[in-house]
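The values are calculated or read from the model by the stated rules, or taken from the named source; none is laboratory data. Since this is a predicted model, take the numbers as computed values, not measurements. Positions of Cβ are generated from backbone atoms using ideal geometry, with glycine treated the same way; all protein chains shown enter the neighbour counts. All accessible areas refer to the heavy atoms of the entire protein, side chains included, with ligands and DNA or RNA removed. Shrake-Rupley method; radii C 1.70, N 1.55, O 1.52, S 1.80 Å.
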Amino acid sequence: MKMKIKNMCVYTFIGLATLASTSCNDALDLEPISQITPGSYYSNADQLASYLNQYYDSYLNAPYSGTMTHWWGGWNEGKAASDNNTDIYVSGGGNTQLFANNHWEVASGKTLQDYYTGVRVYNFFINEAEAGIASGKLSGADVNNYLGEAYFFRAICYFRMMAHFGDLPILKEVLEDNNEVLVANSERAPRNEVARFILEDLDKAISLLQPRSVYNGQRLNKEAALLFKSRVALFEATFETYHKVSVRVPGDSNWPGAKMAYNSGKSFNIDGEVQFFLREAMSAAKQVGDAANLTANNHVIQPQIGTTTGWNAYFNMFSQPSLAKVGEVLVWKEYSGTLGYTHDVPYRVKIGCRSGFTRTFVESFLMQNGLPIYANGSGYHGDTTLDLVKQDRDERLQLFVWGANNVVDTDPEAPEKGKVFMADDETNCDRITSDNQEIRNITGYQIRKYYTYDFAQTPNDQRWGTDACPVFRTAEALLNYMEACYELNGSLDNTAQGYWRQLRQRAGVSTDFEATINATDLSKEGDFGVYSGTTQVDKTLYNIRRERVNELFAEGLRFADLVRWRSFDNMLTTKWIPEGANFWDEMYKHYPEGIKADGSADAVVSQKSLSKYLRPFSISMLETNELRDGYNWHEAYYLYPIGISDIRTASADRDIATSNLYQNPYWPTTAGGRAEK
């Protein structure tokens, strides 16, 4: 049976837009799941598929946010903003909960609830399906595939939890509604054990799932499970590498799990664990990477009038209604204008959404000759205009970030045909200095990825987007292998080198990555990936990280990368000020005189005296603007706090002191408590 999923709400699996709040009932408080879905329902493959379809909406979800998809009814740029709250993308008025003091508090309620609700659902499904297979009631390739999907979904649930909370209780069964049973099963396994459990689930999924070709990428599949396995393994390997001795890794001095009786006698060889996870990441990534068929880039940067699609397959991979025949995309989400299931992304990417890329991001891209912009002989043209910034640069920057003279409309019948992004008319003011906060381009660097030239999707302020949303791409497998290989061996093998050349060739960049490494001056790189902790990584590793962000930006992976690399640490002692385009050298001349830039509450851009570069969160310099002087960070924020009700529920007498759930490092065990470090 082959099914298309018209209502699969797609999210990326790692990243951060805004910290998500939970709303589901806690698994401990729900009625027995068998009363919701009786076991007799699991009698054929169609029923299994129907059951799982409803959860594509809920659990293909990013662990740091629930707002990273194309929203079919929302007023936002969807997945285009999925790297928000990082060094490369900012939006709105900034996130004070993450980057100011005394906003993030320990919840009085339960913070694990929506995650374990998902675990409970898939435990029940797995148990029922496996019982049906064992009895002979269920059989066939489709049945195996859906069981594989359930294992994949459970792995997603656990990865989300591990990324948030670290150590976790591992549950494989639907628990009896009995206090003694629930307390006994609330013991937190060390995070390395949790990661191994996730990989075991993914191995089962890989053995059961059909290849991408069977469902044309509209269901979870074998290749996607392999890719996700490489992501999980790389995440854990690098987290344990760079957070070791931080108290967040099992075996660390003062690791909170050490005080729990149920961990008595355990010993940890974290170096051995890191090597294990790196090898697993390489093996899984290579199985995808060796078969990867990267979508071609013909190096055409914009279409001609009258052209809507087909002008560059690489650009169109992020802006076409069907990705069934795009082999690079392993899983994707379909929309339908006929069914009224559309999204707002193309329109918001076109007009702005109070967001933008940072100067840090734009300056990370190489010249096409492979040299950093500051290197001798790079040919960099400067940053006084958007077009000069992009000229002769990596074509991913040219294609997926708007330039002043990029054509916006190619409809030959439209009065605005041929109009460019920064035309010298009233629309220009809507980009950076508009009084309309909803559409202001707050950094000057506006995303073009996910834009479509299908003019039927964005007419007259209508939000009728039907472009597909890619979820998993094989390009990530190449990057995962490269990074894992270098982390494990301190060098790149022939496979990793070949992968790197493939990515750079498609990007229109010289494939001589050694020349890039030799020309790199880490002191001149603003990218947070230069650091793990407060120590600079070596130039080769940094350039691998550079390649990763230049290829995967706006796909929801950046925040998790910065977490696993421990790259926020410099903000513990020194604030970081997000900046955008160079406005005050040249760009301001194209705007009407009298731009409000005095640091007042109604200013529209930051003051020239602060910087010639736009400072989106320093527009108002009033004391009420907590981000006016930049972002800071807290050690505690690398892991989420556990809610007080969760901790009490895991104690037989509801006493925090006797709970099986210990609080995460630097968070107190009092409701409303704030980070201690």
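Just a few scattered comments:
- When region 132-179 is described by a simple charge dipole with +1 on each Lys and Arg Cβ and -1 on each Asp and Glu Cβ, the residue from Phe159, Gly148, Ser135 located farthest towards its positive end is Gly148.
- Only Lys, Arg, Asp and Glu carry charge here, each on its Cβ (+1 for the first two, -1 for the last two); on that basis region 526-677 has a dipole of about 180 debye about its Cα centre.
- R0 of 22 Å, Cβ-Cβ distance Lys172-Ala652: FRET efficiency to nearest 0.05: 0.50
- Over the chain, accessible surface divided per residue gives 35 Å², non-protein components excluded, 1.4 Å probe.
- Placed amide H near Val331: partners under 5 Å, 5+ positions off or other chain: Val471, Phe472
- Between Asp512 and Lys137, the contour length at 0.36 nm per residue exceeds the Cα-Cα span by 129.2 nm.
- Subtracting the Cα-Cα distance of Ala456 and Glu626 from their residue separation scaled by 0.36 nm leaves 57.0 nm.
- Distance between the 7 Å Cα→Cβ label points at Thr573 and Ala313: 5.1 nm.
- Sites Ser253 and Lys677, calculated FRET efficiency, Cβ-Cβ separation with R0 22 Å, nearest 0.05: 0.90
- Selection from Val549, Ala671, Ile644 lying farthest towards where the dipole of region 541-677 points positive, charges on Cβ: Val549
- Karplus 3J(HN,Hα) series, Hz, for region 266-278 with 6.51 cos²θ - 1.76 cosθ + 1.60 (x for Gly, Pro): 7, 10, 10, 9, 5, 4, x, 5, 4, 4, 4, 5, 5
- Cα-projected label distance for Asp271 with Ser207, points at 7 Å along beta-carbon direction, nm: 3.3 nm
- Summing charges over all other residues whose Cβ lies under 15 Å from the Cβ of Ser246, with Lys and Arg as +1 and Asp and Glu as -1, gives -1.
- As a fraction of the 1.4 Å probe accessible area of the chain, surface on carbon and sulfur atoms comes out at 46 percent.
- Efficiency of FRET from Cβ geometry, Asn369 and Gln607, R₀ 30 Å, rounded to 0.05: 0.25
- Listed residues Asn293, Tyr314, Met282: farthest to the positive end of the dipole of region 262-398 (Cβ charges): Tyr314
- Legend: residue pairs Lys79/Lys325; Lys229/Lys575; Lys390/Lys596; Lys524/Lys677; Lys244/Lys524; Lys286/Lys325, Cα-Cα distance threshold 32 Å; pairs beyond threshold, Lys229/Lys575.
- From phi via Karplus (6.51, -1.76, 1.60), per-residue ³J(HN,Hα) for region 158-167 in Hz, x at Gly/Pro: 5, 5, 4, 5, 5, 4, 7, 10, x, 4
- Across the chain, the longest run free of exposed loop sites, meaning GluC sites (Glu not before Pro) lying outside DSSP classes H, G, I, E and B with no more than 15 other Cβ atoms within 10 Å, spans 177-412.
- Relative contact order, whole percent, for the chain stands at 20, derived from Cα pairs under 8 Å and 6 or more residues apart.
- Placing Asp387, Asp87 in order of accessible area, with the largest value first and a 1.4 Å probe, yields Asp387, Asp87.
- Counted over the chain, the DSSP beta bridges are approximately 95% antiparallel.
- For region 584-601, backbone phi angles converted through the Karplus equation (6.51, -1.76, 1.60; θ = phi - 60°) give residue-by-residue couplings of 8, 7, 9, 4, 4, 5, 8, 10, x, 5, x, 4, 6, 9, 10, x, 7, 5 Hz, Gly and Pro being listed as x.
- Qualifying lysines (Cα of each under 16 Å from Cα of Lys172; at least 8 residues distant if same chain): Lys204
- Long-range HN-HN contacts of Ser322 with modeled amide H, under 5 Å: Ala468
- Helical contribution to [θ] at 222 nm, DSSP H n ≥ 4, -39,500 (n - 2.57), averaged over the chain, rounded to 500: -10500 deg cm²/dmol
- Basic side chains Lys and Arg get +1 at the Cβ, acidic Asp and Glu get -1 at the Cβ, and with that the dipole of the chain about its Cα centre reaches some 660 debye.
- Amide H contacts of Ile170 (H built 1.01 Å from N, under 5 Å, at least 5 apart or other chain): Ala189
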